[in-house]
Structure formats: structure tokens, C-alpha cells
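Report on the structure given below.
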Amino acid sequence: MTFEQVVEAAVRVVEVVGAAIMVLGGLAALVGGIPRALRPDTRSTAYQAMRRNLGRAILLGLEVLIVADIIRTIVVEPTVESVLVLGAIVIIRVLLSFSLEVEMDGVWPWARWRAAGTSGATSVSD
């Protein structure tokens with residue numbers, strides 16, 4: 001086996017792991033969310049929790065897939081065209097990840113402190 005074949009096999013394993021994370025994470029979000037949706041006391045928050053867990057699984061899977069693309073491009077196919085394709089793939093996946101985070105949190109990443117209720121300012125009481 002050549003070095004390129006070993007790296008390509010490793011990339012395939014990483015891709016399978018990334019896809020498995022998304023599939024298994026999606027199933028786990030669904031399986032975990034159904035009982036919450038059926039209980040009256042947690043029904044109102046079940047959808048948001050299931051959606052957040054699904055988003056986390058997708059984000060983690062996308063990050064693993066980006067690793068596979070980077071390895072493949074740098075080690076196996078170091079051409080200008082493959083680097084440009086990698087750049088486009090990474091940009092698309094980063095934008096997708098960014099939009100998923102905004103969708104899950106409901107705020108822009110730079111405004112999370114506002115959503116958390118902390119302003120960072122200290123108050124002085126008399």
C-alpha cells in the first residue's frame with residue numbers, strides 16, 4: 001500500500017465518522033426529544049431542545065467532514081484546483097455552521113452576552 005492509499009483510507013474513515021455523527025446524533029436528538037414532547041411538563045421546551053441537539057450533531061459532523069477535506073487536499077491532491085475547491089467547501093460549510101449556530105441560539109455570535117443577560121458592566125450600589 002502506498003502512502004496516498006493509506007491517507008485516502010484514513011480520509012474515508014474520517015468521512016464515515018462525520019456522517020455517523022450526524023446520523024446518530026440526529027437519531028439521539030429524536031429519541032431524546034420524543035419522551036420530552038409527550039410529557040406535559042416539558043412539552044413546551046421539547047422542540048427547542050430537540051432542535052438544538054440536532055444542530056449540535058450537524059455542526060460536529062460538519063467539522064469532522066472539513067477535517068477529511070483538508071487532509072485529502074493537503075496530502076493526496078495538492079494542486080491549485082483542489083486547494084480552490086477545498087476553500088469553497090470550507091467557506092460553504094463555515095457559512096452553514098454559522099447559520100446553524102445563529103438558528104440554534106437565536107442571536108448573532110457577537111451578541112451572545114446580551115442573550116445571556118450579562119452586560120459586562122459593573123453596577124455600584126449606594
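Note the angle between two axes, namely the Cα long axis of helix 80-105 and the longest principal axis of the Cα atoms of the chain, as a number of degrees from 0 to 90, rounded to the nearest 10.
Helix 80-105 sits at roughly 10 degrees to that axis.
For the stretch 27-38, what does the Karplus curve 6.51 cos²θ - 1.76 cosθ + 1.60, with θ = phi - 60°, yield as ³J(HN,Hα) per residue in whole Hz, taken in order and with x for Gly and Pro?
So the J values, rounded to whole Hz, are 5, 5, 5, 5, 5, x, x, 4, x, 5, 5, 7.
State the extension gain, in nm to one decimal, for the chain segment bounded by Ile71 and Val7, taking 0.36 nm per residue of separation less the distance between their alpha-carbons. Numbers along the way, then the final one.
Working: separation 64, 0.36 × 64 = 23.04 nm, distance 0.79 nm.
Going from the current span to full extension adds 22.2 nm.
Just grab the label-to-label distance for Leu60 and Thr79, each label 7 Å out from Cα along the Cβ direction, in nm (one decimal).
Each label point lies 7 Å from its Cα, and together they span 3.6 nm.
Need one word for the chain: rounded, prolate or oblate. Basis is the Cα gyration tensor (sqrt eigenvalues a ≥ b ≥ c); a/c below 1.5 gives rounded, then a/b vs b/c decides.
oblate
Stretch Ala88-Ala37 to full length: gain in nm at 0.36 nm per residue minus the Cα-Cα span?
Values: separation 51, 0.36 × 51 = 18.36 nm, distance 3.90 nm.
That pair, Ala88 and Ala37, stretches by 14.5 nm at full extension.
Using a simple spin-label model with points 7 Å from Cα along the Cα→Cβ vector, what separation in nm is obtained for Val23 and Ala49?
Between Val23 and Ala49, the label points sit 2.7 nm apart.
Once ligands and nucleic acids are excluded and a 1.4 Å probe is used, how much of Arg36 is accessible, expressed in Å² to the nearest 10?
Probe radius 1.4 Å; accessible area of Arg36 about 70 Å².
The values are calculated or read from the model by the stated rules, or taken from the named source; none is laboratory data. As the structure is a computational prediction, the values presented were derived from the model and not from experiment. Glycine also receives a Cβ, built like all others from the backbone with ideal geometry; neighbour counts cover every protein chain displayed. With ligands, DNA and RNA removed, areas are computed over all heavy atoms of the protein, side chains included. Shrake-Rupley method; radii C 1.70, N 1.55, O 1.52, S 1.80 Å.
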